[in-house]
């Protein structure tokens, strides 16, 4: 049996300044830091002193979230570039309004292959770079794993967990909010279970 908790980083500066997130590094806001403390406090009863490890994107907002959560858990943190948010190319560091006005038209391009800017990643490319991380986690020695990541990258993890092709995004959508916590479990018969998704551990001091 293996248990995986995913945490989307909590509120960061780009959430309130209307800037493009993606692979631009932004720190957490004060509210984001408070929410990260709430998550750590709520997870400590589940994961403190267990056979567990934290994997995190190496970007500032995920590192800050992981490190605050880990104040309550005392686990090893492994930082991985493969868990970074989508690369935004020419929109990096720009406002969302600039992105909207300058991105390439989407007509007749499958959403998984759409590249809004010449140096940006597609959803398909994020999906493909997330797969080796999932395979690594499924085969390592840790029974309990916490992943601290970003909205789109964690969406790709969700699809991969369920063995759903990225092309499904042509017809459906998933929402993962800042500070969202989700739980994934593998039963002994190899069934991939989602116990809960997009829960609100961030917003309440004592849910656990």
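Going by how many other Cβ atoms sit within 10 Å of their own, how do 1, 192, 88, 156 line up, fewest first?
Numbers: 1 9, 192 14, 88 21, 156 26.
Ascending Cβ contact count within 10 Å gives the list 1, 192, 88, 156.
What do you get for the angle between helix 30-47 and the principal long axis of the chain? Use alpha-carbon atoms, 0 to 90 degrees, nearest ten.
Taking the Cα atoms of the chain, the angle to 30-47 is about 40 degrees.
Let me check against my output: what whole-number percent is the relative contact order of the chain, with C-alpha pairs under 8 Å and at least 6 apart? Don't jump to the answer; show the numbers that get you there.
Details: 415 pairs, mean separation 67.7, N = 208.
Normalised by residue count, the contact order of the chain is 33 percent.
When the expected Rg is taken as 2.2 N^0.38 Å, what fraction or multiple of it is the alpha-carbon Rg of the chain?
Values: Rg = 16.8 Å, N = 208, 2.2 N^0.38 = 16.7 Å.
So the chain has a normalised radius of gyration of 1.01.
How long is the gain from residue 193 to residue 171 if the chain were fully straight, where each residue apart is worth 0.36 nm and the alpha carbon distance is subtracted?
Result for the pair: 5.7 nm of gain on full extension.
What is the gain in length, in nm to one decimal, between residue 18 and residue 44 on full extension, counting 0.36 nm per residue of separation less the C-alpha to C-alpha distance? Before the final figure, lay out each step's value.
Working: separation 26, 0.36 × 26 = 9.36 nm, distance 3.30 nm.
So the chain would gain 6.1 nm between residue 18 and residue 44.
I'd like the orientation of helix 60-70 relative to the chain: the angle between its Cα long axis and the longest Cα principal axis, in ° from 0 to 90, rounded to 10.
10 degrees
Helix 123-139 versus the longest principal axis of the chain: what angle, 0 to 90°, nearest 10, using Cα atoms?
20 degrees
Give the order of 187, 98, 161 when sorted by the count of other beta carbons within 10 angstrom, beginning with the fewest.
Working: 187 10, 98 14, 161 18.
Neighbour counts put them in this order, fewest first: 187, 98, 161.
Summarise the long-distance tail of P(r) for segment 12-76 by giving the % of C-alpha pairs beyond 13 Å.
62 percent
For an R0 of 45 angstrom, estimate the FRET efficiency from the Cβ-Cβ distance between residue 96 and residue 186 and round to the nearest 0.05. Could the numbers behind the result be given before it?
Details: r = 38 Å, r/R0 = 0.83.
After rounding to 0.05, the efficiency reads 0.75.
Considering the chain as a Gaussian network with a 10 Å cut-off on Cα pairs, which listed residue, 143, 82, 107, attains the greatest mean-square fluctuation?
107
Would you mind estimating how fast segment 53-102 diffuses translationally, via Stokes-Einstein at 37 °C and 0.692 mPa s with the Kirkwood radius over Cα pairs, in µm²/s? Walk me through the numbers on the way to the answer.
Numbers: Rh = 12.6 Å.
Estimated via Stokes-Einstein, D reaches 261 µm²/s.
Nearest 500 deg cm²/dmol is fine: what mean residue ellipticity at 222 nm does the chain get from its DSSP H runs of n ≥ 4 alone, each adding -39,500 (n - 2.57), divided by its residue count?
-10000 deg cm²/dmol
Where does each of 61, 80, 108 land when they are ranked from fewest to most other beta-carbon atoms within 10 angstrom?
108, 80, 61
Taken together, the values in this text are just the output of simple stated rules run on the coordinates, not laboratory data. Since this is a predicted model, take the numbers as computed values, not measurements. Using ideal geometry, Cβ is built from the backbone for each residue, glycine included, and neighbour counts are taken over all protein chains shown.
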